[in-house]
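Enquirer: Right, I'll just put the structure down here and ask away after.
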Amino acid sequence: MKHASISMRGAFGAALCLALAALSAAQTPPGYHREYLTDWTYFNRVGAINNHSQIVFSTRFVWDDPNTSEIMLYDNGVIYQLTLDTYRDEFPDINDDGTIVWSRGVGPGGTLEVAMYKNDQITLITNDAFQDYAPKINNLGHMVWNKRLPQGCANADSDIYFYDGMTQQKLSQDGFNNQGARLNDLDQVIWTRYNDCDNPWTAEIMRYADGQVTQLTQNLIEPQVPDINNVGICTWQWRPSADRFEILRWENGVTSVAINSCANAAINLRGDIACNRWHEENQTWQMWSLVNGTLRQMTFDAFWNVDGRINDLGEIGWSAGTPFQVAAAYNRRYPLGDLNCDGAVNILDVNPFVLALEDAVAYSEAHYCDPLLADTNGDGNVNILDINPFVDIVAAGRMTSTVQCASATSSPHEPSLQRPNWAPFRPSGAAFSPDQEYKP
């Protein structure tokens, strides 16, 4: 029998599901479809989304017990539970090959170790007496993470480690609390170096490239949560005033303001940014995105939408809910060429495509879709140069599974059990039911 407090959260979560399902279609920006991968029964934290739209997240079945956390994979409408044990499994990441890494509490004394899931096998990358937090993996299979040492100011010293598939290398300087490392496919690494000996604490953004560590910030207030894309462009947040954050963008030594009043930025290959903004009027965090220079609000609900991750398609996965009841959410991008936003690219898209080329305003009035889906050559513009690539897409019969919008009576957290043939990742675990009770 489920614990009473979990049952109450489940009932509340079901009510939230129904409310948001009714609002989803009207509030999702054109060109996207909202999907809630789970309900609000448990504490779900999105870790990453790759360029095959696979999403990894952790589910904590008892919110105040980290040893009930398990790793989940969402893959084209199916959720797979990859762990089922009494160890702490959190902070997952996934690359485009479907290799998953996370922190797993199986070390000496239950310390967190870096675990890798590949080819249906779990391999430990670390196995020591230290806490190894939040590993990230690139498409080369290389990793970074922070190793916490029980020493220093606030007993919080941490080092950044890089793993190239063979050896581990410490990148950071001793005597600081180094956290939040991310890396790209060039093996460039960015992280936050906290100085807990200062009161109040201070921080700097650090970057590793070509064997050298450089400092990107100087005396900013609370710079943290950095990210880096595959051409080396970096973002991070800082606090220019007590009541707001700001997103900065660094490229080739030049730092500029990317977004005012936003936090927790993530950047993709195209330079698109996802972040969450505080809305004072209803005391909520909402997801926003900066795409092709246009800033758009992505969520419009009564909950906290935070920690968004964005892939190169502009799709965003994030955590949505209350501080203790959190669902995994996903804004799915319709495919290029799908100008009627029915989930398929075919002859029915020809007339909308022509209208998008001729008059984007008229197109937007006629279709609740995105004219940028007509940018089939990917140059950022919609014009006659997109005609031949569009014809190629339609002629090739490139189809995607039709998106099914949740009705007011359906449960948006119940995934389909069908599985496509093209998916590059094949976990052997059984499909996960959100109603499954945690069993140690």
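Enquirer: Ala129: more than 22 Å from Leu73 (Cβ to Cβ) and in contact with a strand residue (DSSP E or B) (Cβ under 7 Å, 6 or more places away or on another chain), yes or no?
Expert: no
Enquirer: Yes or no: region 116-131 includes at least one residue that is under 16 Å from Tyr163 (Cα atoms), of a type in the set (Gly, Ala, Ser) and either out of contact with any helix residue (DSSP H, G or I) (no Cβ under 7 Å at 6 or more places or on another chain) or modelled with pLDDT under 95 (or both).
Expert: Scanning region 116-131, I find no residue that is under 16 Å from Tyr163 (Cα atoms), of a type in the set (Gly, Ala, Ser) and either out of contact with any helix residue (DSSP H, G or I) (no Cβ under 7 Å at 6 or more places or on another chain) or modelled with pLDDT under 95 (or both), so the answer is no.
Enquirer: Within region 313-328, track down each residue that is assigned to a strand (DSSP E or B) and either closer than 11 Å to Ile49 by Cβ or free of Cβ contacts under 8 Å to residues at least 24 places away in the same chain (or both).
Expert: The answer is Ile316, Gly317, Trp318, Ala328.
Enquirer: I would also like to ask the following. Can you name the strands (runs of 3 or more DSSP E) wholly within region 228-312 that have at least 2 residues being of a type in the set (A, V, I, L, M) and surrounded by 15 or more Cβ atoms within 10 Å (Cβ to Cβ)?
Expert: 244-251, 254-260, 263-267, 273-279, 284-291, 304-310
Enquirer: Has region 21-29 got any residue that is among the hydrophobic types (A, V, I, L, M, F, W, C), crowded, with 21+ Cβ neighbours inside 10 Å and modelled with pLDDT under 95?
Expert: No, there is no match, as no residue in region 21-29 is among the hydrophobic types (A, V, I, L, M, F, W, C), crowded, with 21+ Cβ neighbours inside 10 Å and modelled with pLDDT under 95.
Enquirer: Would you mind finding the one in Asp64, Asp97 that is in a loop (DSSP other than H, G, I, E, B), under 24 Å from Ala181 (Cβ atoms) and in the same structural domain as Asp307 (by TED's automatic domain parsing)?
Expert: Asp97
Enquirer: Further question on the same structure: Looking at Ala203 and the list (1) in a strand (DSSP E or B); (2) small (Gly, Ala, Ser); (3) closer than 29 Å to Asp96 by Cβ, which single condition is not satisfied?
Expert: It is condition (3) that Ala203 fails.
Enquirer: Name the residues in region 260-283 that are touching a residue at least 24 places away in the same chain (Cβ under 8 Å) and closer than 24 Å to Gly321 by Cα, would you?
Expert: Passing the criteria: Cys262, Ala263, Asn264, Ala265, Ala266, Ile267, Ile273, Ala274, Cys275, Asn276, Trp278.
Enquirer: Considering only region 131-148, state which residues are part of a loop (DSSP other than H, G, I, E, B) and buried (at least 16 other Cβ atoms within 10 Å of the Cβ).
Expert: Once the filter is applied, which keeps residues that are part of a loop (DSSP other than H, G, I, E, B) and buried (at least 16 other Cβ atoms within 10 Å of the Cβ), region 131-148 yields Asn138, His142.
Enquirer: May I pose another question? Answer yes or no: is there a residue in region 156-169 that is of a type in the set (Val, Ile, Thr), crowded, with 20+ Cβ neighbours inside 10 Å, modelled with pLDDT of 95 or more and not in a loop (DSSP other than H, G, I, E, B).
Expert: Yes, region 156-169 contains at least one residue that is of a type in the set (Val, Ile, Thr), crowded, with 20+ Cβ neighbours inside 10 Å, modelled with pLDDT of 95 or more and not in a loop (DSSP other than H, G, I, E, B).
Enquirer: Within region 167-191, how many residues turn out to be closer than 14 Å to Arg148 by Cβ and hydroxyl-bearing (Ser, Thr, Tyr)?
Expert: Residues meeting the conditions: 1.
Enquirer: Any residue in region 215-240 that's more than 13 Å from Ala258 (Cα to Cα): show its pairings with residues that are at pLDDT below 95 and among the β-branched types (Val, Ile, Thr) at Cβ separation under 6 Å, as long as the two are six or more apart or on different chains.
Expert: Qualifying pairs under 6 Å: none.
Enquirer: Next question. Would you mind stating whether Asn282 is at pLDDT 90 or above, within 24 Å of Gly180 (Cβ to Cβ) and not hydrophobic (A, V, I, L, M, F, W, C)?
Expert: no
Enquirer: What are the residues in region 351-380 that are of a type in the set (Val, Ile, Thr) and surrounded by 14 or more Cβ atoms within 10 Å (Cβ to Cβ), if any?
Expert: Val354, Thr376
Enquirer: Of everything in region 345-366 that's in contact (Cβ under 8 Å) with a residue 40 or more places away in the chain and closer than 24 Å to Arg270 by Cβ, which residue is farthest from the chain's Cα centre (by Cα)?
Expert: Asp349
Enquirer: On to the next question. State the number of residues belonging to region 342-355 that are in a loop (DSSP other than H, G, I, E, B) and farther than 15 Å from Ile393 by Cα.
Expert: Total satisfying the criteria: 1.
Enquirer: If I filter region 97-114 down to residues being crowded, with 18+ Cβ neighbours inside 10 Å and touching a Pro at 6+ places or on another chain (Cβ under 8 Å), which single residue comes out as nearest to Ser53 (Cα to Cα)?
Expert: Top of the filtered list is Gly98.
The values are calculated or read from the model by the stated rules, or taken from the named source; none is laboratory data. Worth saying up front: this structure is predicted, and the values here are computed from it rather than measured. Here Cβ is always computed from backbone atoms with ideal geometry, including for glycine, and neighbour counts include all displayed protein chains.
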